[in-house]
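Report on the following structure.
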Amino acid sequence: LLRWNEIRHGSFFKSHILGCPTIVSMDPETNRYILMNESKGLVPGYPQSMLDILGKSNIAAVHGSTHRHIRAALLSLLCPSIIRSQLLPKLDDFMRCHLSNWDNTLIDIQQKTKEVFDLVFFFFFFHNVELFLRYLCCSLFVVQMAFLSSLNQIASIEWESMSGEFMLEFFKLVLGTLSLPINLPGTNYHRGFQARKNIVSMLRRLVEERRACPETKHDMLGFLMNGGEENRYNLTDEEIIDQMIAILYSGYETVSTTSMMAVKYLHDHPNALQELRKEHLAIRERKRAEDPINWNDFKSMKFTRSVIFETSRLATIVNGVLRKTTQDMELNGFVIPKGWRIYVYTRENNYDPCLYPDPLAFNPWRWMDKSSESQNYFFMFGGGTRQCPGKELGIAEISTFLHYFVTRYRWEEVGGDKLMKFPRVEAPNGLHIRVSSLPQINKEGSYWSNHIATSGTCSVWYLFPISEIGDERIW
Ligand code: HEM
């Protein structure tokens, strides 16, 4: 067996992360072994600040039978039948509404995707959004929202600014999880911890209000509280609250950044955009303008799924995952002492030419063969018993966003915006695009050109027969 000071580079080496001795593993085979063998003592090893702020019942903080129990509850919440019957209709409703009025605008698509995907979780969690907002009024923002009486009366601007306030607390929490655990006023950790307290007390009162009311709400919170009809999972209030935070935290940024990067890659690869648009226009052509996309439509989006995988691979939205050893153990010819962290660094695997020929090319077609998703080193959503339970929901969210985006709009980049891929994917000054409407097609096969003129709130539409225009929607 080798000593650690003999090896400082290559695909398996020692470093330090946040003061802890950490092995960085980039070897696909070793990474697979680590992810598949939690039961041998390779448990999640996230930093103390993250565990403190996300809560001790959080799914990433628990192991063994507790993990299995909580994971089963989350999986039942995020499973295909719930996505099909409950989440997809909400998603459609939400995206249809939020992706309107972008015509002739200059937008920062990074900012927009963040806003859109932050808000979407409120719709999933809180069936009765009005109740949630009233609740927030009582606890945080007494004056602003007191006059609201029903969801229909909530102007989207007010709704957005309200949830914006909640998100401010949530952003502090997120920053805190990425800081050194020094609990002094002014530190990110301290602010994050305070934000956790605020969020927990709000959610606790919400859970208590729900308990006091006999009616079961059919939303994520209702499901976590009741485990479906038969109360199968029986989570404590603390566990429920920590899982709500876990879901918000895990879906935060992963989905919005993948969407932003998909928009970027599609812009730079017109062939891929053309193929994607063809797929989505074919869905729209089977429907009336007001028809939502349903499960069958979602399942038919094969090229869209490929675009999402290729975007996750090439941009590498998640660089890797952290584990720690619960005992001394041998790994890859080395003895790793108990308590050391292992950074299962999957970024390199995404650019391995043996796994992905011409790895730096954006080529969604490489995913069109269904078996590519089940290859052994596909780690973009993790692996083993910790594989992302939100994978299918994340894909459904991005697909619905892309559906309304590419069927309603065309866009061009303003240009000059910097894009960073490491240590995290972001556009430090935003990614600005100029958006214009795409001519629409109705079920009978005639186009209506997006508004020719707008006066106040009234838009003038003009119908063109297909024969006069030709199929100019697809470029
Ligand atoms: C493109 C979007 C997403 C990506 C790339 C992604 C990636 C990942 C990865 C790599 C892991 C493994 C973490 C580990 O092994 O320690 C993970 C776990 C997890 N993800 Fe996702 N995720 C995405 C979307 C979501 C969404 C939308 C949700 C919630 C609805 C979610 C909820 C979770 C949860 C709860 C875990 C922890 C699972 C466990 O510890 O058993 N993720 N995700």
**OP:** Take D52, D291 and order them by how many other Cβ atoms sit within 10 Å, fewest up front.
**Re:** D291, D52
Original post:
What list of ³J(HN,Hα) values in whole Hz, one per residue of the stretch 107-114 in order, does the Karplus curve 6.51 cos²θ - 1.76 cosθ + 1.60 (θ = phi - 60°) give from phi, with Gly and Pro shown as x?
Top reply: 10, 8, 5, 5, 4, 4, 5, 4
Subject >> Euclidean distance between Cα centres, the stretch 232-305 to the stretch 326-401, Å >> reply: 19 Å
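Which length gain, in nm to one decimal place, applies between V414 and V335 when the Cα-Cα distance is subtracted from 0.36 nm times their residue separation?
On the way: separation 79, 0.36 × 79 = 28.44 nm, distance 5.26 nm.
Once the chain is fully extended between V414 and V335, it gains 23.2 nm.
To the nearest 0.05, what FRET efficiency results for D103 and L360 with a Förster distance of 45 Å applied to their C-beta separation?
Working: r = 35 Å, r/R0 = 0.77.
Step by step, r from the Cβ atoms, then E = 0.85.
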**OP:** Along Cα→Cβ, 7 Å out, is where each label goes; now give me the distance between the ones at S437 and D268 in nm to one decimal.
**Re:** 3.2 nm
Original post:
Taking neighbour counts of Cβ atoms within 10 Å as a proxy for exposure, in what order, fewest first, do E290, E285, E348 appear?
Top reply: E290, E285, E348
Original post:
Residue farthest toward the positive end of the dipole of the stretch 36-107, with Cβ of Lys/Arg at +1 and Asp/Glu at -1: which of M50, N101, P89?
Top reply: M50
**OP:** Using all C-alpha to C-alpha distances in the stretch 225-357, build P(r) with 5 Å bins and read off the rounded percent in each one.
**Re:** 2, 8, 10, 11, 13, 13, 14, 12, 9, 5, 2, 1, 0
Original post:
Got a sec to turn the phi values of the stretch 312-327 into Karplus ³J(HN,Hα) couplings, 6.51 cos²θ - 1.76 cosθ + 1.60 with θ = phi - 60°, whole Hz, x for Gly and Pro?
Top reply: 4, 5, 6, 7, 6, 5, 10, 6, x, 10, 9, 10, 9, 8, 9, 7
Original post:
Using θ = phi - 60° and the Karplus curve 6.51 cos²θ - 1.76 cosθ + 1.60, what whole-Hz ³J(HN,Hα) does each residue of the stretch 384-394 get, with Gly and Pro shown as x?
Top reply: x, 6, 10, 4, 3, x, x, 3, 5, 5, x
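Under a Cβ-only charge scheme (Lys and Arg +1, Asp and Glu -1), can you give me the dipole magnitude of the stretch 11-83 about the Cα centre, in debye to the nearest 20?
On the way: 6 positive and 4 negative charges, 31 e Å.
Approximately 140 debye in magnitude.
With the cut-off at 30 Å, tell me which of the pairs K112/K302; K324/K421; K217/K264; K324/K391 have Cα atoms farther apart than that. Let's see the in-between values first.
Values: K112/K302 25 Å; K324/K421 26 Å; K217/K264 39 Å; K324/K391 24 Å.
Pairs exceeding the cut-off: K217/K264.
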Original post:
In nanometres, what is the gap between the two model label sites at S300 and A72, each 7 Å from Cα along Cα-to-Cβ?
Top reply: 3.8 nm
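If you stretched the chain out fully between S15 and D369, how much longer would it get, using 0.36 nm times the residue separation minus the C-alpha to C-alpha distance? Show your work: numbers first, answer last.
Numbers: separation 354, 0.36 × 354 = 127.44 nm, distance 3.80 nm.
Once the chain is fully extended between S15 and D369, it gains 123.6 nm.
The numbers here are math on the coordinates, done by the rules we state, and not lab data. All figures in this text were calculated on a predicted structure; none of them were measured in a lab. Backbone-built Cβ (ideal geometry, glycine too); neighbour counts: all protein chains shown.
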